[in-house]
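> A single structure is presented below for examination.
The values are calculated or read from the model by the stated rules, or taken from the named source; none is laboratory data. Given the structure is predicted, the values throughout are model-derived calculations rather than measurements. No Cβ is skipped: glycine too gets one built from the backbone with ideal geometry, and neighbour counts run over all protein chains shown.
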Amino acid sequence: MLSRTAANLFWMTRYLERSETTARLLDMGFRNALLPDTGGGFRNEWSAVLQSKGALQGFNDKYGDLVQRNVESFLFFDLENPSSVASCVRAARENARIVRTALTSQVWDAINLSYQELKAIQRKERSQVSIPDLTDWTLRTTALIRGAIEMTQLRIDGYSFMHLGYAVERADNTARLLDVKYYVLLPSVAYIGSGLDSYQWTTLLRALSAHRAYGWAYGGELSANRIAHFLILNPKFPRALLSCYIDANTHLDQLARFYGRSTPAQEEARTLLAELAEARIEDVFDEGLHEFLTRMINRNAGLAQSIHDQYLTGEAR
Amino acid sequence: MTDAYFNEMYDNGNLRTPYRMLESWYQNMPAEFRAGKQAEAEDLFRRYGITFAVYGEGGDPDRLIPFDMFPRVFTAAEWRRLERGIKQRARALNAFLSDVYERGEIIRAGRIPADLVYRNDAYEIAVAGFRPPLGVFSHIVGIDLVRTGADQFYVLEDNCRTPSGVSYMLENREVMMRMFPHLFQENRVAPVDGYARLLKRTLASVAPEKCDRAPNVVLLTPGHFNSAYYEHSFLADLMGIELVEGQDLFVEGDFCWMRTTEGPKKVDVIYRRIDDAFLDPLCFRPDSALGVPGLMNVYRSGGVTICSAPGAGVADDKAIYTYVPEMVRFYLGEEPLLQNVPTWQCARSDDLKYVQEHLSELVVKEVHGSGGYGMLVGPKSDRATIEAFSARLAENPSNYIAQPTLALSTCPTFVEAGIAPRHVDLRPYCLVGRDVDLVPGALTRVALTEGSLVVNSSQGGGVKDTWVIAEE
Amino acid sequence: MILTVLHKTRYDFETPVAGIIQSQRLTPARCDGQRVIDWQVEVPGAVMGQVFRDGAGDYIQTVSLRKPATHIEVTVSGTVETTDTSGVLRGHRERVPPRAYMRATPRTKPNRAIAELVAEALDAHAAAPALERAHMLAAAVAQALPYRPGATHAHTTAAEAMNEGAGVCQDHTHVLIACAHLADLPARYVAGYLNATDDGSPHEASHAWAELFIDGLGWVGFDASNKCCPNEHYIRLGSGLDAQDAAPIRGLVLGGATEALDVTVVIEAQQQ
């Protein structure tokens, strides 16, 4: 397969996953904003949301006022914001268009349709669209595309590159969301265990569509340790870091078999998986959750680079 | 009374044989059914993503070219004659190319002026003396034809570089078969879907001698922003070959390589859809980012084949066009089966005199011009325009050629009120490799505006499915 | 005469580049008047393609380096035995028809000043044989453009050099080609080496001159810079329509960066 084709498939799914995360963040901010203003005047949820995307500065420069409508514009509609839902959907569709012949017609139809629907949403009167509508649409659309991929794509190298895109992006996004909650969102450590704290945990779980799953797995009692365990180390949860690397490993191994050649990327993914598989949540907190997550985000970027160097440049022999 | 234009369906009111089956078809078609089918066709085209400008006309890449459902039909006998003429012309053009890049016999024989060829910008010094595999330079020859009578066809121009539009030929048929399957059950329409297989076979047949396995053939596109990108990806997909951009290829040693997820893979044949000037910044335009640096060296040392060969454009130049019948006689020892449009070379004083005296009847074009720029359409110009043009012509006669205005044939076309005759042209795609092949079909362009002779899609032109009815 | 050549071209990059690719024309042409005794082109670390001969008779080689590099050095060294052929190119196998060298490039496009130069030089000698007219043109160019390094740069066109009224060998050659075209003589740009003789007159060891096509005689070299025809002090590498087209090295840096170029050429005549 052409390296550029593989790169387009890899980035197509990364953008799809990213659009989903942006929508979830928007939803999380929206729910947090419903929280009564009792926590000592801290209403900086929107700012936290933007910080997690590393986009606070860009937002301030362009919009200034940190009000819901502006954030909604910025995170959903703004094509100048590269991680807005609209930007991501457009970028995913553009990547797909370039490699159309590597996609089944169902997958292309689903992606193309999402783009057409997005254009229809953009044309609507803004008072007619609510944040939950936008989030729902995004989650439904990305699920439809992923479903089409699972149902129809041949299980060959291209399929694995799509999965690698999903896995790498999802690991990055989960780590960032968790980091936002723990490090950015809560005004100070004094609030840990407070009502505000648990409200925010709930929203985070909701944003990850993990609220009921968590309840089922941990009996409902909210605690930082358990939630961190759930989002990092629990292989039953599909967005957990561990799950992402199980997926990444599976598909890198498939590529190695497919091509009859193992590369440093497989090595790197295996090490990452081994570390997470053996880690206990106490170790994570000993290291410091923020420090651990920062390290994970960097290693994840390293894995993405490795996949790029080994497969997407076409020069590695 | 006879019609001013040859009507391909009703010759002076009499239904012509190839259209026999279609008369009841359209007569029995209720208006609302037709509207429904038309909408269905557009939907299909949009779904397939066929939105591109034919012949590099530019414009909105997401624009659909209007599709007219009324097919244009040829009998097998008509097509056989055309086919022989087209293949003959394609062979002669290739013989000319391999001659002028090697010995230049036709020039030594005094049949074509040396400067017309060698001073032509399309003549590539870089490939002089180089013989591509099988001596073939132009592997896909697009020949634009118009019809003026039952047995009268004229060649408007040749295209030896990278003629586009063939995806319309294939998709128009695809859409017609989906919408009107019974038409194909009742009529013995010769299939065109073998084109992709033939094209791939043609390309593989010109792999370099150095290639000792099944050749790796790729299609080189300028990229997904190009207006013909859809056609590129469509053809690559049908042939089962990789669609590559310049950045996907690189040169190392004596070969050209493709970047794949398994590492570099050798490329043997490049069907390029980018112009000569952009192929290799180390040989042509140094600022080109679309091409592959070093490619021309690999090509000229026999490591890869480029289709069509750089420099093939010298055969389809407007000034060279006049000499194509001469090429047929010189290289093939045959009389040309397809006629050129009579052309006056204003560089010749006799011709110039005639042209000056008949400006109001003629079309006068610049030799190297394109896109209708600097052109005079005599019958449609007022006196002042003609006089102004006449002065310009007198100043630099060798820059102009003149042709009569042709009475393009018409074909029935769906209009608001039913059907009506509209002018059409024809572009078949002839393949030249180890064999010379032509599928029984072509792209028909139709001028949708009443009375218009302009078939360009940018000026209200559309396309039609083109049928050849197989022998009983 | 036995000439030895040592020609080093070194590229230094401010930041490492991803690689480099070059089309090199660094091997002496095979023709009467020059015989290669030994010749090497070296680029440490690079993949060298096979040398092939193109239709113009030039020896061409593709050289590429596909790994990060901070510098690249091309070293040409060798020995050539030369004799004087009075500038006439003989025994040179080429397939390009001379009339193909009638076309102008942006660098060789004539302007009014060049047209006037041709008129002045030739108008009184319309009946003179082509060879004579070619000599007159070369002399006129030499007179119109005194040799002055620094007056022009690598991308100066013939027209610009004429306006400047001075130039180096590249400019002389471009202007002479433009003149020849106006006189209906095919002309081309030749790149090569020149051995600096003791009297100090010639300039530029890495040199360029023009070849004009004279019916009945063939290609004849004219060095307007040195007011002579190439002799045993010259080594001919290759030709083209202009300086860019005939360049001994045409290259591209991958993952581009600012480069510092350092070229040294030493040509010496051996004692015999």
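> Can you pull out every residue in the range B:163-175 that is more than 12 Å from residue B:444 (Cβ to Cβ) and not in a loop (DSSP other than H, G, I, E, B)? Spell out the reasoning first.
Just the residues of the range B:163-175 that are more than 12 Å from residue B:444 (Cβ to Cβ), to begin with: B:163-164, B:166-167, B:170-171, B:174-175.
B:166, B:167, B:170, B:171, B:174, B:175 - these are the residues of the range B:163-175 that are more than 12 Å from residue B:444 (Cβ to Cβ) and not in a loop (DSSP other than H, G, I, E, B).
> Can you find a residue that is out of contact with any Lys or Arg (no Cβ under 8 Å at 6 or more places or on another chain) and part of a loop (DSSP other than H, G, I, E, B) anywhere in the range A:240-251?
Within the range A:240-251, one or more residues are out of contact with any Lys or Arg (no Cβ under 8 Å at 6 or more places or on another chain) and part of a loop (DSSP other than H, G, I, E, B).
> I would also like to ask the following. Taking the range B:116-125 on its own, how many of its residues are closer than 23 Å to residue B:301 by Cα, more than 7 Å from every other protein chain (Cβ to nearest Cβ) and buried (at least 20 other Cβ atoms within 10 Å of the Cβ)?
1
> Now for a separate question. Mind checking which residues of the range C:154-192 are of a type in the set (D, E, K, R) and surrounded by 23 or more Cβ atoms within 10 Å (Cβ to Cβ)?
Quick first cut of the range C:154-192, residues of a type in the set (D, E, K, R) only: C:160, C:164, C:171, C:184, C:188.
The answer is C:171, C:188.
> Here is a list: A:233, A:252. Which entry is at pLDDT 95 or above, out of contact with any Pro (no Cβ under 8 Å at 6 or more places or on another chain), within 24 Å of residue A:150 (Cα to Cα) and surrounded by 15 or more Cβ atoms within 10 Å (Cβ to Cβ)?
Of the residues listed, the single one that is at pLDDT 95 or above, out of contact with any Pro (no Cβ under 8 Å at 6 or more places or on another chain), within 24 Å of residue A:150 (Cα to Cα) and surrounded by 15 or more Cβ atoms within 10 Å (Cβ to Cβ) is A:252.
Okay, residues lined up against (1) facing another protein chain (nearest Cβ under 10 Å); (2) closer than 30 Å to residue C:178 by Cβ; (3) β-branched (Val, Ile, Thr):
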position: C:45; (1), (2), (3): no, no, no
position: C:69; (1), (2), (3): no, no, no
position: C:84; (1), (2), (3): no, yes, no
position: C:96; (1), (2), (3): yes, yes, yes
position: C:108; (1), (2), (3): no, yes, yes
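> Oh, and also: For the range B:67-91, name all the residues that are buried (at least 24 other Cβ atoms within 10 Å of the Cβ) and under 16 Å from residue B:134 (Cβ atoms).
Listed by number, the list holds a single entry, B:90.
> From B:299, B:271, grab the single residue that is closer than 24 Å to residue C:63 by Cβ, crowded, with 21+ Cβ neighbours inside 10 Å, more than 14 Å from chain A (Cβ to nearest Cβ) and at pLDDT 95 or above.
Values: B:271 fails: closer than 24 Å to residue C:63 by Cβ.
That would be B:299, the only listed residue that is closer than 24 Å to residue C:63 by Cβ, crowded, with 21+ Cβ neighbours inside 10 Å, more than 14 Å from chain A (Cβ to nearest Cβ) and at pLDDT 95 or above.
> So residue B:230 clears everything in (1) within 10 Å of chain A (Cβ to nearest Cβ); (2) more than 21 Å from the chain's Cα centre (by Cα) except one condition, right? Which one?
Against the list (1) within 10 Å of chain A (Cβ to nearest Cβ); (2) more than 21 Å from the chain's Cα centre (by Cα), residue B:230 comes up short only on (2).
> OK, next. Residues in the range B:163-177 that are buried (at least 22 other Cβ atoms within 10 Å of the Cβ) and not aliphatic (A, V, I, L, M): how many?
Count: 6.
> Now for a different question. Go through the range B:126-142 and give me each residue that's outside any loop (DSSP other than H, G, I, E, B) and within 14 Å of another protein chain (Cβ to nearest Cβ). Step through it out loud before you land on a result.
We begin by selecting, within the range B:126-142, every residue outside any loop (DSSP other than H, G, I, E, B); these are B:126-127, B:133-135, B:140-142.
Those that are outside any loop (DSSP other than H, G, I, E, B) and within 14 Å of another protein chain (Cβ to nearest Cβ): B:126, B:127.
> May I ask you to list the residues in the range C:83-126 that are in contact with a helix residue (DSSP H, G or I) (Cβ under 8 Å, 6 or more places away or on another chain), under 14 Å from residue C:213 (Cα atoms) and of a type in the set (Val, Ile, Thr)?
The answer is C:96, and nothing else.
> Which of the residues belonging to the range B:417-472 are among the aliphatic types (A, V, I, L, M), farther than 18 Å from residue B:81 by Cα and assigned to a loop (DSSP other than H, G, I, E, B)?
Listed by number, the residues that qualify are B:417, B:448, B:453, B:454, B:455.
> Residues to consider are A:311, A:259; find the one that is more than 27 Å from residue A:53 (Cβ to Cβ), within 14 Å of another protein chain (Cβ to nearest Cβ) and buried (at least 19 other Cβ atoms within 10 Å of the Cβ). Give the derivation first.
On the way: A:259 fails: buried (at least 19 other Cβ atoms within 10 Å of the Cβ).
Going through A:311, A:259 in turn, just one is more than 27 Å from residue A:53 (Cβ to Cβ), within 14 Å of another protein chain (Cβ to nearest Cβ) and buried (at least 19 other Cβ atoms within 10 Å of the Cβ): A:311.
> Just the residues that are surrounded by fewer than 22 Cβ atoms within 10 Å (Cβ to Cβ), closer than 17 Å to residue B:217 by Cβ and more than 11 Å from chain A (Cβ to nearest Cβ), please, taken from the range B:240-256.
Hit for the range B:240-256 is B:255, nothing else.
> Do the conditions hold for residue A:180, that is, is it of a type in the set (A, V, I, L, M), more than 23 Å from residue A:273 (Cα to Cα) and surrounded by 20 or more Cβ atoms within 10 Å (Cβ to Cβ)? Lay out the reasoning, then the answer.
On the way: of a type in the set (A, V, I, L, M): yes; more than 23 Å from residue A:273 (Cα to Cα): yes; surrounded by 20 or more Cβ atoms within 10 Å (Cβ to Cβ): yes.
Answer is yes for this residue.
> Among A:257, A:299, A:295, which is the only one that is at pLDDT 90 or above, closer than 25 Å to residue A:3 by Cα, within 22 Å of the chain's Cα centre (by Cα) and assigned to a helix (DSSP H, G or I)? Please lay out each step first, then the result.
Details: A:257 fails: within 22 Å of the chain's Cα centre (by Cα); A:295 fails: closer than 25 Å to residue A:3 by Cα.
Step by step, each of A:257, A:299, A:295 is checked, and only A:299 is at pLDDT 90 or above, closer than 25 Å to residue A:3 by Cα, within 22 Å of the chain's Cα centre (by Cα) and assigned to a helix (DSSP H, G or I).
> Any chance the range B:143-154 includes a residue that's more than 14 Å from chain C (Cβ to nearest Cβ), surrounded by fewer than 16 Cβ atoms within 10 Å (Cβ to Cβ) and either among the charged types (D, E, K, R) or free of Cβ contacts under 8 Å to residues at least 40 places away in the same chain (or both)?
The answer is yes; a qualifying residue exists.
> Please specify each residue of the range C:56-69 satisfying the condition of being in contact with an Asp or Glu (Cβ under 7 Å, 6 or more places away or on another chain) and modelled with pLDDT under 95.
Result: C:66, single match.
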